[in-house]
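Colleague: This structure is in structure tokens; I'll ask about it shortly.
The values are calculated or read from the model by the stated rules, or taken from the named source; none is laboratory data. Predicted model only: the values in this text are computed from it and were never measured. With ideal geometry, Cβ positions are generated from the backbone for all residues, glycine too; neighbour counts draw on all protein chains shown.
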Amino acid sequence: MTFEQILKNNGLMLDGSTTAPRKIGNTAAKRQIKEAMIKYERLYFQDLIYAHGSITSDIFSGIDTRDITADLSIANVNIDFKDMGKCPGSYERDTNTIFLNYFYFDYFTLLHEMIHAYSDTLRKYDYGYSLRNYATFKLYEHLRGKIKDIEGMITKWLRFDIQNGLIDQGRIGHDVLFYLKSIDIELQLNFTPCEVIGYEAPKYEVIRAA
Ligand SMILES: [Zn+2]
């Protein structure tokens, strides 16, 4: 079953009007969302858990990474629901929890908050800076040639006024790793540019083969 189907079957693909987690119960909803996220990890987030065979695995060449991969897994992240006004989701570092809005969240919210969770989990190690740098570098390498003027897009995204505007709204952590991983997922899933990161991000153009 696809992730979307799990959400749809349980009334979790919302249009803003349904109180789905209440409808199926908190525990069942949390379990199903966690299962869906673990499935997503297998499909789209192997690089952020440094899994064997992923684009980031070279950094651990010759080292058994099973413990690291298990530690970084989304399986360790808590899921909870709350009324969050207009905000569909958030990630709280202190409690390692993805919060989803009781009344409104979707597929893109989950992916967006998953990136936050991985990105923040990496900060907890002293070695995490190197891991984050390597993932950023490898994603850049992977996306270069697929996105028109990716360097210019990154520069736009990091502009002080853009980032400071987000921070003023309490939206922290949308750095280059976040931007590139969002693009990577949007490309893999054929989403509209910026559907995962949010529409205030500079809208990139995909280079199509002639
Ligand atoms: Zn965010």
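Colleague: Taking Asp184, is it under 22 Å from Ile59 (Cα atoms) and either in contact (Cβ under 8 Å) with a residue 12 or more places away in the chain or away from the ligand (no atom under 12 Å from the Cβ) (or both)? Break it down into steps so the answer makes sense when it comes.
Modeller: On the way: under 22 Å from Ile59 (Cα atoms): yes; either in contact (Cβ under 8 Å) with a residue 12 or more places away in the chain or away from the ligand (no atom under 12 Å from the Cβ) (or both): yes.
In short, yes.
Colleague: Inspect all residues belonging to the range 95-105 and state whether any of them is away from the ligand (no atom under 16 Å from the Cβ) and under 21 Å from Arg123 (Cβ atoms). Break it down into steps so the answer makes sense when it comes.
Modeller: Taking the range 95-105 as the starting set, the residues that turn out to be away from the ligand (no atom under 16 Å from the Cβ) are 95, 102-103.
Cutting the leftovers down to under 21 Å from Arg123 (Cβ atoms) gives us 95.
Yes, some residue in the range 95-105 is away from the ligand (no atom under 16 Å from the Cβ) and under 21 Å from Arg123 (Cβ atoms).
Colleague: Checking the conditions here, which among Asp149, Asp120, Asp126 is out of contact with any helix residue (DSSP H, G or I) (no Cβ under 8 Å at 6 or more places or on another chain) and modelled with pLDDT of 95 or more?
Modeller: Matching residue, one of Asp149, Asp120, Asp126: Asp149.
Colleague: Could you check Lys203 against (1) surrounded by 15 or more Cβ atoms within 10 Å (Cβ to Cβ); (2) touching a Pro at 6+ places or on another chain (Cβ under 7 Å); (3) part of a loop (DSSP other than H, G, I, E, B) and say which number it fails?
Modeller: Exception for Lys203: condition (1).
This table checks each residue for (1) in a helix (DSSP H, G or I); (2) closer than 24 Å to Pro88 by Cβ.
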position	(1), (2)
Asp126	no, no
Ser130	yes, no
Glu141	yes, no
Leu166	yes, yes
Leu177	yes, yes
Lys181	yes, yes
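Colleague: With (1) closer than 17 Å to Arg144 by Cα; (2) within 11 Å of the ligand (Cβ to nearest atom) as the list, and Ala201 as the residue in question, which single condition is left unmet?
Modeller: (1)
Colleague: Could I ask something else about it? Just the residues that are closer than 19 Å to Gly128 by Cβ and either of a type in the set (D, E, K, R) or in a strand (DSSP E or B) (or both), please, taken from the range 65-96.
Modeller: Scanning the range 65-96 gives Arg66, Asp67, Asp71, Tyr91, Glu92, Arg93, Asp94.
Colleague: Looking at the range 109-124, can you tell me whether even one residue there is exposed (fewer than 15 other Cβ atoms within 10 Å of the Cβ) and either within 30 Å of Thr69 (Cβ to Cβ) or within 16 Å of the ligand (Cβ to nearest atom) (or both)?
Modeller: Step one: of the range 109-124, the residues exposed (fewer than 15 other Cβ atoms within 10 Å of the Cβ) are 123-124.
Now narrow it down to the ones that are either within 30 Å of Thr69 (Cβ to Cβ) or within 16 Å of the ligand (Cβ to nearest atom) (or both): 123-124.
Yes; the residues of the range 109-124 include at least one that is exposed (fewer than 15 other Cβ atoms within 10 Å of the Cβ) and either within 30 Å of Thr69 (Cβ to Cβ) or within 16 Å of the ligand (Cβ to nearest atom) (or both).
Colleague: Given the criteria within 13 Å of the ligand (Cβ to nearest atom), within 22 Å of Lys86 (Cβ to Cβ) and in a helix (DSSP H, G or I), does Ile172 qualify? I'd like the intermediate steps shown before the answer.
Modeller: Values: within 13 Å of the ligand (Cβ to nearest atom): yes; within 22 Å of Lys86 (Cβ to Cβ): yes; in a helix (DSSP H, G or I): no.
The answer is no for Ile172.
Colleague: Still on this structure, I have one more. Among the residues in the range 88-105, are any under 17 Å from Ile68 (Cα atoms), modelled with pLDDT of 90 or more, surrounded by 18 or more Cβ atoms within 10 Å (Cβ to Cβ) and not hydrophobic (A, V, I, L, M, F, W, C)?
Modeller: no
Colleague: Output the residues belonging to the range 52-79 that are of a type outside the set (A, V, I, L, M), surrounded by 16 or more Cβ atoms within 10 Å (Cβ to Cβ) and more than 17 Å from the chain's Cα centre (by Cα). Step through it out loud before you land on a result.
Modeller: Going residue by residue through the range 52-79, those that are of a type outside the set (A, V, I, L, M) are 52-54, 56-58, 60-62, 64-67, 69, 71, 73, 76, 78.
The next check asks that each one be surrounded by 16 or more Cβ atoms within 10 Å (Cβ to Cβ); those that pass are 54, 56-57, 60, 65, 69, 73.
Ser57, Phe60, Thr65, listed by residue number.
Colleague: Quick one: how many residues across the range 132-164 are more than 15 Å from Asp47 (Cβ to Cβ) and of a type in the set (A, V, I, L, M, F, W, C)?
Modeller: Selection size over the range 132-164: 8.
Colleague: Identify the residue in the range 150-161 that is among the aliphatic types (A, V, I, L, M) and in contact (Cβ under 8 Å) with a residue 40 or more places away in the chain and, among all such residues, is nearest to the ligand (Cβ to nearest atom). Outline the logic, then answer.
Modeller: The first filter runs over the range 150-161 and keeps only residues among the aliphatic types (A, V, I, L, M), leaving 150, 153-154, 158.
Applying the additional criterion that residues be in contact (Cβ under 8 Å) with a residue 40 or more places away in the chain yields 150, 153.
Working: Ile150: 20, Met153: 18 Å.
Within the range 150-161, the match that is nearest to the ligand (Cβ to nearest atom) is Met153.
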